[in-house]
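The values are calculated or read from the model by the stated rules, or taken from the named source; none is laboratory data. Since the model is a prediction, treat every value here as computed from it, not as a measurement. Backbone-built Cβ (ideal geometry, glycine too); neighbour counts: all protein chains shown. Protein only, heavy atoms only, side chains kept; ligands, DNA and RNA dropped before computing areas. Shrake-Rupley method; radii C 1.70, N 1.55, O 1.52, S 1.80 Å.
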Amino acid sequence: MRSRQPKRVYIETQGCQMNVYDSGQMLEILRETEAYLPAERPEDADLLVLNTCSVREKAFDKALSRLGRWRLLKAEHPDLRIAVGGCVASQEGPALLARAPFVDVVFGPQTLQRLPALLSEREASGRPQVDVRFPAIEKFDALPAPRRSGPCAFVSIMEGCSKYCSFCIVPYTRGEEANRPFADVLAEVWTLAESGVREITFLGQNVNAYQSDWRGVRRDLSDLIHYTAAIDAIQRIRFTTSHPIELGDRLIGAFREEAKLAPHLHLPLQSGSDRILMAMKRGYTTLEYRSKVRRLRAARPDLALTTDLIVGFPGETDGDFEETLDLVQDLAFDQSFLFLYSPRPGTPAASLPDPVPDPLRHERFDRLKTTLDRQALAFSRKRVGQRVSVLVERSGEKDPSALSGREGSNHWVHFTGSPDLLGTMVEVEVTQGLPNCLKGQRAGIESMSSTSHDRAQRASL
Ligand code: SAM
Ligand code: F3S
């Protein structure tokens, strides 16, 4: 390898928040064990790490095209090392080396703690190394606590997914659900709070399936929320991603009882047709989904609900699609994600008959997207004139008084103020509701904690 000191690593992250979190962990472990520093550009690095996603075919192709570019860099600098992690690596394993023989290390989402060891083995043996096993929860024990930047931090509480929706590759690439011990999660939250973190987002592919025994009692996500809310320094709690079948009374109750729990829930629906939901093996009907949303909104009237939807699942008829459109109109989602169905090799849905013809699925995609965009804009515009609590996360590079942060329902809010406000919760009056963000002006530094503010706001509803 290049003998330059300090060594630099460039990590590119593709895909979901779980991957963003994992990349942070990779950087920390490389920093701690091998004193790597982050590089700004691939050209400045001694080690390139690609953290891949394979949820849709496009994501998979994106990973291969990035590797194609990095191959050229390696041709110029043969001592450059290239490591590929994430779901493409997990899915392909050694086969990835056949497609990309210039790759030095292939590791999976559950073996990222072994990255430094795999790199050393690569040097010692002169041969590429592959480790894409699922050694349960070993990863959490082996990794340093993530270094935080700013007032917000992710805390991963469970790994993998055991739901096996018929279209989804995740259970095969990330393994079955494995929960992190309750006490370990709380210890990490305490450490983060002491280091200045004000907002915690609990992460998991199926985060509301979380369970762990502590002091002889079974604990779940709602317990984690209550214990975290009891820490004074923590002002806001979020969690993602949830599965509708795991959304029970205790979690709905947490939205009623815990003012620090942000009024936002991402609850993937996927389709508004019961027939398609069954073929997707989602495990709920539209009536059950509607009933959960009704109870959630009764518990937290200001809740912003966002979702994931797939159009063009095999066998989706015009009638199925119209049912999705109707349900989406009824439920009034906030900013949501819409995906074109993408067959993933090895999943049951990939061998289903009756693919939806390309022009038709694109037409359905456009119609549903228009409806979702309209709903998100209506939600933003409704906020104009309201006061929102914003945790200030960023100030502009060119203009440090250009501040940005998210409010409770997860919208970015841009406003002007002193950069000293970074890391604090401030009150902003919304002046403009745009499709993807809000603009506003400062209404005064938050003197109460967000909790007491939110309580006061809810009491006045
Ligand atoms: N855990 C989440 C849940 O409860 O459903 C889903 C995680 S998945 C990585 C994120 C989203 O990608 C899914 O909700 C789904 O909408 C979409 N997705 C997954 N597989 C897909 C496929 N084969 N084609 C299109 N979209 C897909
Ligand atoms: Fe995928 Fe369904 Fe799990 S969408 S991540 S198999 S809940």
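How much of the DSSP beta bridge set in the chain is antiparallel, as a percent to the nearest 5?
Details: 27 of 67 bridges.
Expressed as a percentage, antiparallel bridges in the chain total about 40.
Hey, in the chain, which Cys have no second cysteine's beta-carbon closer than 4.7 Å?
CYS16, CYS53, CYS87, CYS152, CYS161, CYS437 - these cysteines have no disulfide-compatible partner (Cβ-Cβ under 4.7 Å) in the chain.
Between ALA332 and THR370, what length comes free when the chain is fully extended (0.36 nm per residue of separation minus the Cα-Cα distance, one decimal in nm)? Could the numbers behind the result be given before it?
Values: separation 38, 0.36 × 38 = 13.68 nm, distance 1.30 nm.
Full-extension gain reported as 12.4 nm.
With runs of 4+ DSSP H residues as the only contributors, calculate the mean residue ellipticity of the chain at 222 nm using -39,500 (n - 2.57) per run, divided by the residue total and rounded to the nearest 500. Let's see the in-between values first.
Working: 15 runs with 171 residues, N = 461.
Rounded to the nearest 500, the figure is -11500 deg cm²/dmol.
For a label point 7 angstrom out from the Cα of ILE245 toward its Cβ, which stretches of the stretch 144-170 have the backbone nitrogen within less than 17 Å?
Of the residues in the stretch 144-170, 160-170 have backbone N under 17 Å from the label point off ILE245.
Distance between Cα centroids, the stretch 349-398 to the stretch 19-39: provide it in whole Å.
Between the Cα centres of the stretch 349-398 and the stretch 19-39 lies a distance of 32 Å.
Given a 1.4 angstrom probe, what's the average accessible area per residue across the stretch 221-379, in square angstrom?
Numbers: 6440 Å² over 159 residues.
So the stretch 221-379 comes to 41 Å² accessible per residue, rounded to a whole number.
Determine the principal axes of the Cα atoms in the chain, then give the extent along each, sorted from largest to smallest and rounded to whole angstroms.
67, 57, 52
Give me the accessible area per residue for the stretch 62-116, probe 1.4 Å, as a whole number in Å².
Details: 1970 Å² over 55 residues.
With all protein chains present, the stretch 62-116 gives 36 Å² per residue.
Report the label-to-label distance for ARG31 and ALA187 in nanometres (one decimal), using points 7 Å from each Cα along the Cα→Cβ vector.
2.1
Rounded if a/c is under 1.5, else prolate if a/b is larger than b/c, else oblate: which is the stretch 257-328, with a ≥ b ≥ c the root eigenvalues of its Cα gyration tensor?
Cα axes put the stretch 257-328 in the prolate bin.
For the stretch 1-93, report the % of Cα-Cα distances exceeding 18 Å.
Numbers: 1872 of 4278 pairs.
In whole percent, the long-distance tail amounts to 44.
One-quarter of the Cα convex hull surface for the stretch 114-227, in nm²?
Working: hull surface 37.4 nm².
Dividing the Cα hull surface by four gives the mean projection, 9.3 nm².
Excluding CYS165 itself, what net charge comes from residues whose Cβ is under 10 Å from its Cβ, given Lys and Arg +1 and Asp and Glu -1? Mind dumping the intermediate values first?
Numbers: positive: LYS163, LYS281, ARG282; negative: none.
For residues surrounding CYS165, the net value is +3.
Let me know the shape class of the stretch 274-365, please: from the alpha-carbon gyration tensor, a ≥ b ≥ c as square roots of the eigenvalues, rounded when a/c is under 1.5, otherwise prolate if a/b is greater than b/c, or oblate.
On the way: a/c = 2.19, a/b = 1.82, b/c = 1.20.
Verdict is prolate for the stretch 274-365.
Enumerate the calculated ³J(HN,Hα) couplings along the stretch 419-435 in order (Karplus 6.51 cos²θ - 1.76 cosθ + 1.60, θ = phi - 60°), each rounded to whole Hz, writing x wherever the residue is Gly or Pro.
Computed from phi, the couplings for the stretch 419-435 are x, 4, 6, 3, x, 10, 9, 10, 8, 10, 9, 6, 10, 8, x, 9, x Hz.
Please give the contour-minus-distance gain from ASP79 to ARG215: 0.36 nm per residue of separation, less the Cα-Cα distance, rounded to one decimal in nm.
On the way: separation 136, 0.36 × 136 = 48.96 nm, distance 5.12 nm.
Residue separation times 0.36 nm, minus the Cα-Cα distance, leaves 43.8 nm.
Please sort by residue number the GluC sites (Glu not before Pro) in the stretch 10-92 whose DSSP state is loop and whose Cβ has at most 12 other Cβ atoms within 10 Å. If you can, show how the numbers build up before the last one.
On the way: sites: GLU12, GLU28, GLU32, GLU34, GLU40, GLU43, GLU57, GLU76, GLU92; in loops: GLU40.
Those satisfying the criteria are GLU40.
What is the extension gain from ALA443 to LYS58, computed as 0.36 nm multiplied by their sequence separation minus the C-alpha to C-alpha distance, in nm to one decimal?
134.2 nm
Write down the Kirkwood hydrodynamic radius of the stretch 295-437, to one decimal in angstroms, obtained as one divided by the mean of 1/r over all alpha carbon pairs. Show your work: numbers first, answer last.
Details: mean 1/r = 0.0566 Å⁻¹.
Computed over Cα pairs of the stretch 295-437, the Kirkwood hydrodynamic radius comes out at 17.7 Å.
How much net charge surrounds GLN14 when only other residues with a Cβ under 12 Å from its Cβ are counted (Lys, Arg +1; Asp, Glu -1)?
Values: positive: ARG56, LYS58, LYS62, ARG66; negative: GLU12, ASP22, ASP61.
Local net charge: +1.
Sort the stretch 122-168 into rounded, prolate or oblate with this rule: let a ≥ b ≥ c be the square roots of the eigenvalues of the Cα gyration tensor; rounded if a/c is under 1.5, and if a/c is not under 1.5, prolate when a/b is larger than b/c, oblate otherwise. Show your work: numbers first, answer last.
Working: a/c = 2.32, a/b = 1.15, b/c = 2.01.
The shape class here is oblate.
Give me the percent of accessible area attributable to carbon and sulfur for the chain, probe 1.4 angstrom.
Details: 10160 of 19720 Å².
Percent of accessible area from carbon and sulfur atoms in the chain: 51.
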